[in-house]
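Enquirer: I have a structure I would like to understand better, so I am pasting it below and will then ask my questions one at a time.
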Amino acid sequence: MSPPVMNDGAGTCPPAPRPREGAFKPLDDSWLQWIAENRLRDCTPESMLATMTAAGLEPQACAAAIAGIEDNPVFRAARRFQQLQHKLESVTGNLQKLWESDAGYARVEKRPTPTRDEFIARYVRGCRPVVLTDVTHDWPAMARWSPADLQQRFGHLTVEIQDERNADANFEENKLDHRRMARLGDFVNRVIAGGPTNDYYMTANNEALRRPEFAALLADIGSLPPACDRALLPHRSSFWFGPAGTLTPLHHDTIMLFHTQVVGRKRWRFISPLQTPSLYNYNNVFSPIDLDRPDLDRYPRFREATVLDVVVQPGETVFLPLGWWHQVISLDVSLSFSYSNLDVPNEYSYRNPEIRNW
Ligand SMILES: O=C(O)CCC(=O)C(=O)O
């Protein structure tokens, strides 16, 4: 058995039945890493010992490993880096309190497009999500795009979709395994006939807008929000199409972007990047927390997070500032267009994104 997910020091692990002599599980490297991670997170030695013995490890060996970890030079190095992280978390935690002291913090603003200067000051530098209500006023897409239009103009083309997601609890993390090719016309029929479901979705991964056959879709995009570089649009835009019920689980992107709803509505929920420590982000850009069913026993720090919630209507455009967490569900059959062609610094790099557990 591999070590259980960290229990955050709640000390609530039940006592373990004692396995018969000789039947103990090995105290291997993954358990030693588990001990180090849980001590770094201030779990008590007693709760850790209880969890380990419940998992079938030999109690004396566990107690020695837990006691010995503090003298391990690798662990001591980790403690020094942790001190730096704690300093940064103090600052970001206080900044978050200051943000939340603004009475309007928990409400996502909906407003007509501001000037470039105001947009940059209030939303980009201010790191604040906003929904712009009028970006699409001159977009041919608003009158043209529909499932039937996709069928008629592009139905013969093959596209990449995400499929068989319902059978996989981690469908988003495993998105490479869910890639399938489909005739767009067949996919349109499936979306229309299938009703609400999360099983299939044409997501940003499809890269359709990089293909000359789909240039007509880009020609349907009119004025862009402030701080967008038109020349970058073909390289930095994505097309999304799916039924009501598609869910994109809680994650953060590594760029800022706009996401315009052309057909149908989507519900967006946001959490500040300053609250990342409450989201148990130990794997790439993902949080294991489902905002519809947060498991507070397993993820107690999630209580500290403030969730912003907004329904985006057809014609409206979300601005997603850098690092904001979001979980998105389609409320209707939906066609949307996202673009990250901002002309301001737009980079969120972190070390070793390939490490799945960090
Ligand atoms: O529209 C969706 O389903 C998800 C959008 C999203 O997460 C993104 O653009 O980063």
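Every number in this text was worked out from the coordinates using simple rules, so none of it is lab data. Only a predicted model underlies this, so the values are computations on that prediction, with no experimental measurement involved. Neighbour counts run over all protein chains shown; Cβ positions are idealised from the backbone, glycine included.
Enquirer: What's the exposure ranking of E207, E172, E347, going from fewest to most Cβ atoms within 10 Å? Walk me through the intermediate numbers first.
Expert: Working: E207 12, E172 18, E347 8.
So the residues, fewest neighbours to most, are E347, E207, E172.
Enquirer: Please give the contour-minus-distance gain from V344 to L27: 0.36 nm per residue of separation, less the Cα-Cα distance, rounded to one decimal in nm.
Expert: Full-extension gain reported as 109.1 nm.
Enquirer: Where in segment 148-184 does the label zone of D290 land, with the point 7 angstrom along Cα→C-beta and an amide N cut-off under 13 Å?
Expert: In segment 148-184, the label zone of D290 (backbone N under 13 Å from the point 7 Å along Cα→Cβ) covers 166-172.
Enquirer: For each of L150, L95, L88, count neighbouring Cβ atoms within 10 Å of the residue's Cβ, then give the residues from fewest to most. Mind showing how you got there, number by number?
Expert: Numbers: L150 23, L95 13, L88 10.
So the residues, fewest neighbours to most, are L88, L95, L150.
Enquirer: If you don't mind, another one. Shape verdict for segment 95-184, please, from the Cα gyration tensor: rounded (a/c under 1.5), prolate (a/b greater than b/c) or oblate.
Expert: On the way: a/c = 3.45, a/b = 1.52, b/c = 2.27.
Since a/c reaches 1.5 but b/c is at least a/b, the shape of segment 95-184 is classed as oblate.
Enquirer: Related question: Any chance you could give the angle, 0 to 90 degrees and rounded to 10, that helix 45-54 forms with the longest Cα principal axis of the chain?
Expert: Here the helix axis deviates by roughly 80 degrees.
Enquirer: Just subtract the alpha-carbon distance of T44 and A143 from 0.36 nm times their residue separation and send over the number in nm, one decimal. Walk me through the intermediate numbers first.
Expert: Numbers: separation 99, 0.36 × 99 = 35.64 nm, distance 6.06 nm.
Using 0.36 nm per residue and subtracting the Cα-Cα distance, I get 29.6 nm.
Enquirer: Taking the Cβ-Cβ separation of D309 and R230 as r and a Förster radius of 45 Å, what is the calculated FRET efficiency to the nearest 0.05?
Expert: Details: r = 32 Å, r/R0 = 0.71.
Calculated value: 0.90.
Enquirer: Just rank F75, F187, F286, fewest to most, by other beta-carbon atoms within 10 angstrom.
Expert: So the ranking, lowest neighbour count to highest, is F75, F286, F187.
Enquirer: To the nearest 10 degrees, how steeply does helix 59-68 sit against the main Cα axis of the chain, on a 0 to 90 scale?
Expert: Taking Cα atoms only, the helix is inclined about 70 degrees.
Enquirer: Going by a ≥ b ≥ c, the root eigenvalues of the Cα gyration tensor, does segment 252-358 fall in the rounded group (a/c under 1.5), the prolate group (a/b larger than b/c) or the oblate group? Mind dumping the intermediate values first?
Expert: Details: a/c = 2.15, a/b = 1.27, b/c = 1.69.
Oblate shape, in that a/c is at least 1.5 and b/c is the bigger or equal ratio.
Enquirer: If you count the DSSP beta bridges with both ends in segment 104-339, what percent of them are antiparallel, to the nearest 5? Present the calculation step by step, with values, prior to reporting the outcome.
Expert: Working: 42 of 45 bridges.
Here the antiparallel bridges make up roughly 95 percent for segment 104-339.
Enquirer: Please enumerate, by chain and number, the aspartates and glutamates with C-alpha under 13 Å from the C-alpha of K175, excluding those fewer than 8 residues away in the same chain.
Expert: E160, D163, E164, D199
Enquirer: Under a plain spin-label model, where a point goes 7 Å from the Cα along Cα-to-Cβ, how far apart in nm are L218 and T115?
Expert: Placing both labels 7 Å along Cα→Cβ, they lie 3.1 nm apart.
Enquirer: How many nm separate the modelled label positions at R301 and Y282, each set 7 Å beyond the Cα in the direction of the Cβ?
Expert: A separation of 1.1 nm, rounded to one decimal place.
Enquirer: Can you classify segment 104-339 as rounded, prolate or oblate using the Cα gyration tensor, where a ≥ b ≥ c are the square roots of its eigenvalues, rounded means a/c under 1.5, and otherwise it's prolate if a/b beats b/c and oblate if not? Spell out each step's value before the answer.
Expert: Numbers: a/c = 1.87, a/b = 1.16, b/c = 1.62.
It is oblate, given that a/c is not under 1.5 and a/b is not larger than b/c.
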